[in-house]
Each structure stands twice: as C-alpha cells, then as structure tokens.
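Values quoted throughout were computed directly from the atomic coordinates according to the rules given, and no laboratory measurement underlies them. All values derive from a computational prediction rather than experimental measurement. Glycine also receives a Cβ, built like all others from the backbone with ideal geometry; neighbour counts cover every protein chain displayed.
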Amino acid sequence: MQRIICLFIVCVLLSMTACTRSESPKTVAVAKEKSAAPDVSVMSLTSGGILKLSDLKGKVVLLNFWATWCPPCREEIPAMMKLNSFMAGKSFQMIAISIDEGGKKVIESFFKETGFSLPTYLDESGASSKAYGITGVPETFIIDKQGIIVKKIVGGAAWDSPEVVAFLEGLMK
C-alpha cells in the first residue's frame, strides 16, 4: 500500500512540472537560447488571421506552447493574463500556441468554461512545435526585439511576478 501511495505522489509531482504528449515528438530542430527564433506562422483563434513571427521584430515576444488538458498550463494562465494586461500598449506581444488536437472548438470551450482568455493561436500542422523542438507543455520562449531567443522556460512560471515584468521591460529598452 505504501508503495502505491509513493508511486502516486511521484506521478503527481512529475505531472506538475510539465505535461508531455503521449507520443514522442520527432523534431528536426531545437530552438536554443542566444539563437535566432525560428520563423513560424500561426492562425489566430479569434480572427482567423495568420501571424508570422518575423513580422514582430522590434517587439519583445513571449511565445508559449500550451494545452487545455495540461495542469501546469492551466495554473499559469491567470498570471499570463495579468502580464498581458500590464504590457498592453508596450512593445510586447504574447503568443500562446495551443497544441490541442481538438483545435478551435476545444480551446473556445475551455475559455468559456474557465473565464480565461489569452492571445491564442493554432498550429494544427504542428510545424511551430517542431520548429521549436518542444518536448512538452508548457514551454515558453522569450524573444528579444531583434528576434533572438534570450530565455527558454520549461514548465509553468509566475508570469506576473515583479522579476519577470522587470526582465521583460529591460528587454524593451
């Protein structure tokens, strides 16, 4: 019985750091810190328009890969919402790319149920997650105004913390 409880606790702890897909992703590249951010095109959940990452040069970008079924992703969304609100009108762009297989319908239902809202984009082909070599969710890349990845964060984060805000504002100078 103790063995089962210990195994359960280990499983819960592992699931809190980051979620992975059941299949192992085959990546052709891995985006690394201090390298140029791979240029990807994703579709806006709300407008259906296409956003090309290279069009955002001159802005600091928080590029987040997430899924509705991922507990750490769900936990960090309120902090991401606060950060995005705080950064409104600044040289900043948040891009939350959903890897949900159910696409738009699943994400819209999730937002309706939870009251959450993020600037969400769809990548139904999986090209952006392959280009960045993600291994699970959440994974986040901070990209500077020149299009260089300055930070990669695996797992959830307190996006609305004063330290994060100061870091991002420093990149905007």
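Annotation: aspartates and glutamates with alpha-carbon distance below 17 angstrom to Lys82 (same-chain offsets under eight excluded): Asp160, Glu163, Glu169. When the GluC sites (Glu not before Pro) in the range 39-106 are filtered for DSSP coil states and for at most 12 other beta-carbon atoms within 10 Å of their beta-carbon, the remaining sites are Glu101. For Lys32, the aspartates and glutamates whose Cα comes closer than 15 Å to its Cα, not counting residues fewer than 8 places off in the same chain, are Glu139, Asp144. Among residues other than Ser91 with Cβ under 9 Å from its Cβ, the summed charge is +3 (Lys and Arg +1, Asp and Glu -1). Peptides 78-86, 158-166 ranked from most to least packed give 78-86, 158-166, packing being the mean of other C-beta atoms within 10 angstrom over each peptide's residues.
As an equivalent ellipsoid, the range 27-172 spans semi-axes of 21, 18, 15 angstrom, where each value is the square root of five times an eigenvalue of the C-alpha gyration tensor, largest first.
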